[in-house]
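Colleague: Sharing a structure, written as C-alpha cells. Questions coming.
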Amino acid sequence: MQKIAIYGKGGIGKSTITSNLSAAFAALGKKVIQIGCDPKADSTINLLGGEPLQPVMSYMREFDKEPDQLDQISRTGFGGVLCIETGGPTPGLGCAGRGIIATFGLLEDLELFETIPAGYRAV
C-alpha cells in the first residue's frame with residue numbers, strides 16, 4: 001500500500017490536486033482511498049459528482065456516537081475511489097487537527113487498512 005499526503009497553506013488547490021490524482025490512479029486501474037482532511041469537506045466532491053459526503057466529525061456530532069461501519073462515513077466515487085472526509089470545526093475556528101486525529105483513530109478501530117483489498121492506495 002502506498003500513502004500519499006498533500007498539505008500546504010489554504011487556497012492553493014490541494015483538494016483539486018488530490019481529487020485529480022485519485023481519479024488518475026483510478027483510471028490506471030488502481031484502487032484508491034481518498035481521505036479528505038479539510039474542515040470544509042470539499043476534497044471528494046468532484047469524485048462524487050458534486051454530491052457532498054457527510055464528514056466523520058459531522059456524523060459523530062449528529063448521532064452522538066462513532067460509526068460502527070465504514071459505509072456510514074464513506075461513499076464510492078469516480079473510478080471506484082473510496083471517499084472519506086474528516087471534516088472538523090467551522091473553518092477558521094478550532095483545530096482541524098483534532099478531526100483528523102479522531103478520524104484516523106476511528107479508521108484504525110474499523111480496521112480499514114487491514115481489511116481493504118490489496119492494491120488500494122490511500123491519497
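Colleague: May I ask you to verify whether D64 is acidic (D, E) and closer than 13 Å to I84 by Cα? Full working, then the answer.
Modeller: Working: acidic (D, E): yes; closer than 13 Å to I84 by Cα: no.
Criteria not met by D64.
Colleague: Let me ask something additional. Give just the number: which of (1) in contact with a helix residue (DSSP H, G or I) (Cβ under 9 Å, 6 or more places away or on another chain); (2) crowded, with 17+ Cβ neighbours inside 10 Å; (3) under 17 Å from I101 (Cα atoms) does S58 not satisfy?
Modeller: It is condition (1) that S58 fails.
Colleague: Right, here's the next one. Might you check whether a residue that is farther than 23 Å from K9 by Cα, out of contact with any His (no Cβ under 7 Å at 6 or more places or on another chain), at pLDDT 85 or above and part of a loop (DSSP other than H, G, I, E, B) occurs anywhere in segment 78-100?
Modeller: Here is the first cut: in segment 78-100, the residues farther than 23 Å from K9 by Cα are 78-82.
Applying the additional criterion that residues be out of contact with any His (no Cβ under 7 Å at 6 or more places or on another chain) yields 78-82.
Imposing the further condition that a residue be at pLDDT 85 or above reduces the set to 78-82.
Narrowing further to those that are part of a loop (DSSP other than H, G, I, E, B): 81.
Yes.
Colleague: Turning to a different aspect of this structure: Tally up the residues in segment 1-43 that are touching a residue at least 12 places away in the same chain (Cβ under 8 Å), hydrophobic (A, V, I, L, M, F, W, C) and either outside any helix (DSSP H, G or I) or touching a strand residue (DSSP E or B) at 6+ places or on another chain (Cβ under 9 Å) (or both), please.
Modeller: Count: 12.
Colleague: Something else: Tell me yes or no: at least one residue of segment 69-77 is closer than 15 Å to N20 by Cβ and in contact with a Cys (Cβ under 9 Å, 6 or more places away or on another chain). Please lay out each step first, then the result.
Modeller: To start, the set of residues in segment 69-77 that are closer than 15 Å to N20 by Cβ comprises 77.
Subset that is in contact with a Cys (Cβ under 9 Å, 6 or more places away or on another chain): 77.
Yes, the conditions are met somewhere in segment 69-77.
Colleague: Quick one: in segment 11-25, which of the residues that are at pLDDT below 95, among the small types (G, A, S) and more than 16 Å from E85 (Cα to Cα) is surrounded by the fewest Cβ atoms within 10 Å (Cβ to Cβ)?
Modeller: G11
The values are calculated or read from the model by the stated rules, or taken from the named source; none is laboratory data. Predicted model only: the values in this text are computed from it and were never measured. Quick reminder, even Gly has a Cβ in these numbers, built from the backbone with ideal geometry, and neighbours come from all protein chains shown.
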